[in-house]
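The structure appears below as structure tokens.
The values are calculated or read from the model by the stated rules, or taken from the named source; none is laboratory data. Computed from a predicted structure; not experimentally measured. Methodologically, a virtual Cβ is constructed for each residue, glycine included, from the backbone with ideal geometry; neighbour enumeration extends over all protein chains shown. In case anyone asks, the SASA skips ligands and DNA or RNA and just uses the protein heavy atoms, side chains included. Shrake-Rupley method; radii C 1.70, N 1.55, O 1.52, S 1.80 Å.
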Amino acid sequence: MREPEELPLAPLERLLRKEGAERVSEDACKVLGVALEDYSRIIARKAKDYSAHAKRKTIKAEDIELALRDLNI
């Protein structure tokens, strides 16, 4: 099982608990973390494409919003 590279497990556990989970396994936090990182990378790549198209090196919030809309997220 992969572990998240960037996201710590404690905030992921808090997120799951805030959504009503009484108990959360470490493996559940790892799976959620990997999924969030994977989706984040997809969004980041798309946002980078939008910023490059606008001839910018800086990714702005609007690039993220466009990427989310484009990916139907």
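Number of residues in segment 14-60 that are within 24 Å of P4 (Cβ to Cβ) and either over 17 Å from the mean Cα position of the chain (by Cα) or of a type in the set (G, A, S) (or both): the value is 17.
Scanning segment 49-73 for residues that are in a helix (DSSP H, G or I) and not aromatic (F, W, Y) yields a total of 14. Filtering segment 14-37 to residues that are without any contact (Cβ under 8 Å) to a residue 24 or more places away in the chain, open to solvent by 60 Å² or more (accessible area, probe 1.4 Å) and part of a helix (DSSP H, G or I) leaves R14, L15, R17, K18, E26.
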